[in-house]
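Every number in this text was worked out from the coordinates using simple rules, so none of it is lab data. Quick caveat, the model's predicted, so the values are computed rather than measured. Methodologically, a virtual Cβ is constructed for each residue, glycine included, from the backbone with ideal geometry; neighbour enumeration extends over all protein chains shown.
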Amino acid sequence: MQSGRRSILSVIDEYFDGYGDLVDIKLGPVRIFLTRNPEHIRHCLQENHMSYGRSISYKFLAYFLGQGLLTSEGELWRKQRRLAQPAFHRQKIAGFATIIAGAGDEMISSWANKTTCSLSEEMSHVTLAIVSRALFGTDLKNESEAIGRALTIALDEVNRRSISIVNPPMFLPTARNRNYRGAVAEMDRIAYGIIENRKRTMEAQGDSSEASNDLLGMFLSARDADTGEAMSNKQLRDELLTMIMAGHETTANALVWTIYLLLKHPEVEARLRTEIEAIDNDVSLESLARVPYLQTVIEESMRLFPPVPGLERLALRDGELGGVKIPKGSVVNLVTYSAHRHPNFWDDPESFKPERFAGANASLRRDQYFPFGGGPRLCIGNHFAMLEAQILLVKMLRSYKFEFAGEEPIPQIQVTLRPHNGMPVRLIRL
Ligand code: HEM
């Protein structure tokens, strides 16, 4: 890759090419198995998901996300997932189209006086505005920088802790720990502020008002079937921060990598622009269905650059993957990035070919292509994210052309797969 720097992911790919589909690494006392094999993936995510729990990285994530949907397990997770599900039903998601389009238009207008930007920052701002408006009926646009900063510090710490053998306890007043605690305090301020505001609105307007219609409203109205108790403020805070984190960085990265790939493949970009012309500025679901190429471009881009590049699990009991013993307590990492480029399962895996997702190939095997994970812990926001990515791409491509304005990005893992330099681009108004 350019500039002599390499992504850790290409190193992992070389391990797989050299040692086979299951690579066994020892990190101090911990055994880590990396796999890219579809059978192993199906085994861990679907057929045998009960034998694999949340690993230590999720425990680190839980330091700041608490027990939200992403990090919780068992009965609490089941209950919360059931409560959250209706906020992501197809009809609800279709209703988000207007919110997404509105935020997209605002972003495009804000580019009027700019000639360059960091695409990562722009995508982060807009996806944060969308998730907060759609799920909590509030606008976090003005908090975007504070949240971005706090999340970067927190995720950096999670990442560092996940790959270190010894970690200083959180209560020690080291500079890093203080910095991290500051980031958590900032996120707390934002989350509790949203909750208090909404409680006041619902008290004033009543539970059956508009205000109880979105995810936050549903959580606030929910009562425990056994105890009749409302959800605690702490649980609400955990769910809110989880949605903020899981619901914007991922989609932002999917968009950045899609634009990156379009810039590297002008023939794909040209075809996409022509097809998008046909729907004009209409981004309704019916209209988007007339541009199937758009969805395949996003799918193919998430194949090459999955925003969540690997899924980590903890073996809860002794098991086996392809004849190799997996002792209880081992970490199994399903390396999405490498599975999506597996030479035995993908024709010409390193090439960007959206047509591989077209027509009869539309539903590729879930154990071979799983940008949203799989099994019971499948991403709850997958349809939301796909709609959001399609609408924002239509908005951006109809108004602007992009050119690289700096080094080409190298993928860097910070829980999600980010471009190392935020991908600076020149904005050329059409
Ligand atoms: C392109 C965008 C997205 C990608 C690639 C993505 C990817 C993923 C993946 C791989 C998981 C599974 C993690 C695991 O099993 O270890 C996941 C879970 C989750 N995602 Fe997404 N996601 C995206 C967008 C969203 C959005 C828009 C939301 C919410 C608005 C969201 C909310 C969640 C939540 C709450 C979970 C945890 C679900 C559970 O365990 O029950 N995600 N996501």
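Below is a table of values for the structure above.
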quantity	calculated
Zone residues, region 184-206, relative to Asn233, backbone N less than 19 Å from point 7 Å out along Cα-to-Cβ	184-204
Cα pair count fraction exceeding 21 Å, expressed as % - region 109-251	52
Pair Asn382, Arg78: separation of 7 Å Cα→Cβ label points (nm)	2.2
Among Leu393, Leu285, Leu151, residue whose mean-square fluctuation peaks in a GNM of the chain (springs only between Cα atoms under 10 Å)	Leu285
Label-to-label distance, nm, for residues given as Asn213 and Ser110 (7 Å Cα→Cβ offset)	2.5
Euclidean distance between Cα centres, region 239-304 to region 125-145, Å	20
Taking His49, His40, His89 and counting other C-beta atoms within 10 Å, the order from fewest to most	His89, His49, His40
Label zone at Gln205, where the point sits 7 Å out along the Cα-to-Cβ direction: region 212-253 residues whose backbone N lies under 18 Å	212-222
Most fluctuating residue given options Ser351, Ser51, Ser301, as computed from a GNM of the chain linking Cα atoms under 10 Å	Ser351
Chain lengthening between Asn167 and Lys141 when straightened (0.36 nm per residue, less Cα-Cα)	5.9 nm
Estimated distance in nm for a label pair at Gln85 and Arg429, the labels positioned 7 Å out from Cα along Cα-to-Cβ	4.9
Per residue Cα convex hull volume in Å³ - calculated over region 69-109	72
Largest-first principal axis extents, alpha carbons of region 32-107, Å	45, 29, 25
Kirkwood Rh in Å, taken over region 330-422 so that all alpha-carbon pairs contribute	16.2
GNM top mover of Gln205, Gln80, Gln414 - the chain, alpha-carbon springs below 10 Å	Gln205
Extended-chain gain in nm, criterion 0.36 nm per residue less alpha-carbon gap, Leu364 and Val324	11.7 nm
Relative contact order [Cα under 8 Å, 6+ residues apart], region 2-429, whole percent	27
Cα convex hull volume per residue for the chain (Å³)	159
Region 1-64-region 359-430 distance, computed between alpha-carbon centres (Å)	22
Calculated [θ] (222 nm, deg cm²/dmol) that DSSP helices of n ≥ 4 give over the chain, each run adding -39,500 (n - 2.57)	-16500 deg cm²/dmol
